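Chemist: Structure in structure tokens, see below.
The values are calculated or read from the model by the stated rules, or taken from the named source; none is laboratory data. Note that this is a predicted model, so its numbers are computed, not measured. Cβ: placed from backbone, ideal geometry, glycine included. Neighbour counts: every protein chain shown. Heads up: the accessible areas ignore ligands, DNA and RNA and are worked out on the full protein's heavy atoms, side chains in. Shrake-Rupley method; radii C 1.70, N 1.55, O 1.52, S 1.80 Å.
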Amino acid sequence: MERVVLVTGASGGVGLALCRRLLGEDGRIHLCLACRNAQKAEATRDLVLQEYPAAQVSTVEVDLGNLASVLRAAQELRCRFQRLDFVYLNAGIMPNPHVNFKALWKGLLTGKVLHMLTTAEGIMTQTDRLNGDGLQEVFTTNLFGHFILVRIRQLESLLCGNEKPSRLIWTSSSNARESAFSLSDYQHAKGQESYSSSKYATDLTSVVLNRKFNKQGLYSSVVCPGLVMSNMTFRILPVFMWVLLMPIMFLIRFFAKTYTLTPYNGAEAHVWLFKQKPEYLDPLVKYHSCTSGLGKNFVEPRKIDVDEETAEKFYQKLLELEEQTLEKYGDLLD
């Protein structure tokens, strides 16, 4: 039987590039596009089928920032498929990003500017808000919605106990920093680096999932697509500034290999993991998409900077939050 691959955030950016590249690797897979907007999902499906007319491509509507939508999507997936071989947890948001030009200037004077430009440490802030479930929007969309979607309670029969392993592949970031995350404020309601916090929380979650579910045939990995020019990135600065900066960014790539710049390049690590046997992967490694100054793509593994005890405590908080928030959605649970 063909392998089933689910990709969230498939309508653009790295998600769309990943879908195209996966079909190029194996045209026999059944590719399911998970998108927030049903019309965009169908348009994306048509676009992919123009390039791969013989491919098996379906869609599922899911808004990761809306738990009712997530649970409905999980129900639909259970009805539609007998298993999921790969789940690419790629959808994410970065609302109202702002650049701290004062911090950037300081980094230039102290020689830390290249580090800041490759990790966004200290120069990127966001303004978050509560969603309809009373949760922080970035935390829910980037992490918790995905967690609910793939939690064993929802998709156990599709992800565990099959003849072949199932894979969770999370899109994290080099901006995932411990300094932006706090167990006492894990939704990041009080800070201004919600994106960084949510990505660090993603790393923590992946580490614990491996420890708890590898024996059941479920493996989790995290990847960083590098700096990719997408709709999310373009919102950081006015368009005319990106036009001026692009030649400089191509020059920076000679010194900063994580400047992948294009969605195609950014999907390199995702595709590389598609071809690996999960049993031989290090659960404490993040796989970074990289591009050389001359445009050659490669994957660089780097140890995840996480404390495993913190990861376990955070996982327990996720379970508690799941129990609290799902009480009102009993009709959507089996």
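Chemist: Tell me which residues, restricted to region 196-246, are without any contact (Cβ under 8 Å) to a residue 24 or more places away in the chain and either in contact with a Ser or Thr (Cβ under 6 Å, 6 or more places away or on another chain) or among the hydrophobic types (A, V, I, L, M, F, W, C) (or both).
Modeler: 234, 239, 240, 241, 242, 243, 244, 245, 246
Chemist: Moving on to the next point. Name the single residue that is farthest from residue 14 (Cα to Cα) among those in region 195-218 being among the aromatic types (Phe, Trp, Tyr) and buried (at least 23 other Cβ atoms within 10 Å of the Cβ).
Modeler: 200
Chemist: Next question. Give the residues of region 194-247 that are at negative phi and part of a loop (DSSP other than H, G, I, E, B), sorted by residue number.
Modeler: Of region 194-247, the ones at negative phi are 194-216, 218-225, 227-247.
Those that are at negative phi and part of a loop (DSSP other than H, G, I, E, B): 225, 227, 229, 230, 235, 236, 237, 238.
Chemist: Let me ask something else. Listed residues 14, 5, 57, 62; which is touching a residue at least 60 places away in the same chain (Cβ under 8 Å) and touching a Leu at 6+ places or on another chain (Cβ under 6 Å)? Talk me through it step by step, then tell me what you get.
Modeler: On the way: 14 fails: touching a Leu at 6+ places or on another chain (Cβ under 6 Å); 57 fails: touching a residue at least 60 places away in the same chain (Cβ under 8 Å); 62 fails: touching a Leu at 6+ places or on another chain (Cβ under 6 Å).
Going through 14, 5, 57, 62 in turn, the sole match is 5.
Chemist: Sticking with this structure for a sec: How many residues are over 21 Å from residue 74 (Cβ atoms) and touching a residue at least 24 places away in the same chain (Cβ under 8 Å) if we restrict to region 27-45?
Modeler: Total meeting the criteria: 3.
Chemist: Among the residues of region 250-297, write down those that are open to solvent by less than 30 Å² (accessible area, probe 1.4 Å), part of a loop (DSSP other than H, G, I, E, B) and of a type in the set (D, E, K, R).
Modeler: 253
Chemist: Residues of region 166-180 being of a type outside the set (Gly, Ala, Ser), open to solvent by less than 10 Å² (accessible area, probe 1.4 Å) and over 8 Å from the mean Cα position of the chain (by Cα), which ones?
Modeler: Within region 166-180, 167, 168 qualify.
Chemist: How many residues are in a loop (DSSP other than H, G, I, E, B) and touching a residue at least 12 places away in the same chain (Cβ under 8 Å) if we restrict to region 135-175?
Modeler: The qualifying residues number 11.
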